[in-house]
Amino acid sequence: MLKDWVERVAALTEPDRIHWCTGEEAENDALVELMLDNGTFVSLNPGTHPKCYLHRSDPEDVARVEHLTFVCTTEREDAGPNNNWMDPEEAEEKMRGLFEGCMRGRTMYVIPYCMGPIDSPLSRCGVEITDSPYVVANMRIMTRMGSEALARIERDGTFVRGMHSTGELDPERRFIMHFPEKLLIQSYGSGYGGNALLGKKCHALRIASHQARTEGWLAEHMLIMGVENPQGEVFYVAGAFPSACGKTNLAMIIPPEGYEGWKIHTLGDDICWLHPGEDGRLWAINPEAGFFGVAPGTSAETNPNALAMLSHDAIFTNVGETADHQPWWEGLPDGEPVLDWKGNPYDPAQGPAAHPNSRFTVALKYVPTYTGECEAPQGVPISAIVFGGRRERLVPLIMESESWQHGVLMGSAMASETTAAATGAVGVVRRDPMAMKPFCGYNYADYFRHWLEIGESLDDPPAIFHVNWFRKDADGKFMWPGFGENMRVLEWIVNRALGKAGYKDTPIGRMPTRHDVNLEGIKVSLETMGELMAVDREAWQQELSEIREYLESYGDRLPQELITELERVNTALSDA
Ligand code: GTP
Ligand code: SPV
Ligand code: MN
């Protein structure tokens, strides 16, 4: 079946050669040689950054392209108003035209990969066909790629088919198409990130979310971490934040001074597959094997663990370069860029040295907080789900839902300022339920219902929280120090899950009182904390009416429970 499909794709795309990827070291070495020879890779300083390479993408191809991303279900309503939709036949026809003969003179790589531990029943496999050696090198880090995955595909007899070609990199001839009913992805005209590494957003979120709905699980845009307290108890937390809103940073947080004895286990920073277990709890695996993380802002000050893992065996895409060939980006206190991300002499008047969506690719196993738990076939049991967004105003630092239904409302009501992770305007507040707006492979109304049903099926569902690290004061400065200091909020979350931490009820949810979050050792006054935790009644009523309007735009398919829940909160606000 796999062979036939590969032959059909080859007949359409007409490559000179076909290479079946094994994932072996020697294969990777040869690809790296090839990319160094043809300029796809630039070697970085082998003294400071052994086996690290810099890739400069086409300047018009630097982020996900949501307006060119489609979900092609038979019925338009199944894709929902949250997705661009195209008729599947029309879409395949269009893509056939683009793929025709597109690999002439090139090598076609066949990448068998497994999302999740090879021996986990929760994992799912795919095969990406691509003409980009850069994609191969990245997929080797981001997934379990090669012979073992191929063996599992032969055992399973099923896999997600992904076709990718870099094409001409012409934004007019660029499409990222998903056919969830056929477990098929077709991507043409981009070599960047989520557009091209098809195991990531295309498979593990858009296709997988669709599949998860029919199979009774959840595929989510979430980090997974274990928080170990000084008593040695480990609590697993999953966190959904929109793109470039802090998942990677939180997943590998270093507890600050005063938190001796606390330990963080990093299991994943972007995608989480959640399965109801026989014990009535929700179990999580990270389908990925690497990080494709935002470079700017990453420093020894903000994220020492990331910096440590980036000193060897990493790929850097669209960062700047110093005179001695070290990678450089805004936020690094030392070093000076001489070249910008386009490879031009650095000139601050021309913009930042690193593209705001410049990224690093590195294996999960190199993070100092790595834990073998991410290889556990059954996953880890989740005690808390944390939603969060980038909101300058209104949304408090931390709140807890009163019930699963209330938590689902919190998730579906999420909004966040847009970032450079996708092309388009930055800093515009948009609704991004569960941080899945660009990634939910089906109608959001059905997705909210699925979330509600999963909760009902669990005897012991995780508690649900909402956080906001990004409140700003009148001068535009962040009011909360963030990064490592987020540990103080995590402590409250974990202690709430244990039933130990205090709280007060507010109309919008449970919140810590001023004594319940440890502020010792940070410069956050009780007054600032009061502002960070304030509930502005009128502003929230306004927010709720916007949320209601947004939710109701999904029409009849929207579960009525969400509106009932919203009305409950609204009444509580009026009574307050
Ligand atoms: P994707 O990979 O796009 O899904 O992003 P992500 O959610 O993993 O975001 P990441 O952790 O890479 O953070 C994105 C940006 O936000 C970086 O520039 C970080 O430095 C910054 N950031 C992360 N956490 C915090 C925080 O607690 N406070 C502030 N002020 N900035 C943060
Ligand atoms: C995101 O945008 O959420 C990412 C980066 O994680 S990408 O893989 O390009 O989608
Ligand atoms: Mn992401």
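Once fully extended, how much extra length lies between Asn38 and Leu498, figured as 0.36 nm per residue of separation less the alpha-carbon to alpha-carbon distance? Show your work: numbers first, answer last.
On the way: separation 460, 0.36 × 460 = 165.60 nm, distance 5.60 nm.
Gain on stretching Asn38 to Leu498: 160.0 nm.
Do the sum for the chain: with -39,500 (n - 2.57) for every DSSP H run of n ≥ 4, divided by all residues, what is the mean residue ellipticity at 222 nm, to the nearest 500 deg cm²/dmol?
Result for the chain: -8000 deg cm²/dmol, rounded to the nearest 500.
Rounded to the nearest 5, what is the percent of antiparallel bridges among the DSSP beta bridges in the chain?
65
Could you tell me the calculated FRET efficiency between Thr74 and Arg557, based on Cβ-Cβ distance and R0 = 25 angstrom, to the nearest 0.05?
So the FRET efficiency works out to roughly 0.95.
For segment 262-277, in order, what is each residue's ³J(HN,Hα) by Karplus, 6.51 cos²θ - 1.76 cosθ + 1.60 with θ = phi - 60°, in whole Hz (x at glycine and Pro)?
Here the 3J(HN,Hα) series is 8, 9, 10, 10, 9, 9, x, 10, 9, 9, 9, 9, 10, 10, x, x Hz.
Which GluC sites (Glu not before Pro) in segment 1-79 sit in a loop by DSSP (not H, G, I, E or B) and have at most 16 other Cβ atoms within 10 Å of their own Cβ?
Glu24, Glu60, Glu75
What do you get for the angle between helix 147-156 and the principal long axis of the chain? Use alpha-carbon atoms, 0 to 90 degrees, nearest ten.
Rounded to the nearest ten degrees, it is 70.
Report, in listed order, any pair from Lys200/Lys477; Lys51/Lys342; Lys477/Lys500 with a Cα-Cα distance greater than 23 Å.
Over 23 Å Cα-Cα: Lys200/Lys477; Lys477/Lys500.
When only DSSP loop residues count, what trypsin sites (Lys or Arg not before Pro) in segment 35-66 have their Cβ near at most 16 other Cβ atoms within 10 Å?
Passing sites in segment 35-66 are Lys51.
Tell me the trypsin sites (Lys or Arg not before Pro) within segment 89-137 that lie in a loop according to DSSP and have at most 14 other beta-carbon atoms within 10 Å. It would help to have the intermediate numbers written out before the result.
On the way: sites: Lys94, Arg96, Arg104, Arg106, Arg124; in loops: Arg104, Arg106.
Loop-located and lightly packed - Arg104.
Which of Val428, Val127, Val65 comes first, and how do the rest follow, when ranked by fewest Cβ neighbours within 10 Å?
Numbers: Val428 9, Val127 24, Val65 21.
Result, fewest neighbours first: Val428, Val65, Val127.
Pop the C-beta distance of Glu168 and His515 into the FRET formula with R0 = 60 Å and round what comes out to the nearest 0.05. Write out the running numbers ahead of the final one.
Details: r = 61 Å, r/R0 = 1.02.
Result of the calculation: an efficiency of 0.45.
Scale the Cα Rg of segment 71-211 by the rule-of-thumb value 2.2 N^0.38 Å and send over the ratio, two decimals.
Values: Rg = 14.6 Å, N = 141, 2.2 N^0.38 = 14.4 Å.
Output field value: 1.01.
Amide H neighbours of Val386 under 5 Å, counting only residues 5+ apart in sequence or on other chains, H built in-plane at 1.01 Å?
Ala238, Gly239, Ala240, Phe465
What ³J(HN,Hα) values, in whole Hz, does the Karplus curve 6.51 cos²θ - 1.76 cosθ + 1.60 give for segment 450-461 when θ = phi - 60°, with x put for Gly and Pro?
4, 4, 4, 5, 4, x, 5, 7, 9, 6, 9, x
Computed from the coordinates by the stated procedures, all read-outs in this text should not be read as laboratory data. Being a predicted model, the structure only gives us computed values, none of them experimental. FYI the Cβ positions are ideal-geometry reconstructions off the backbone, even for glycines, and counts take in every protein chain you see.
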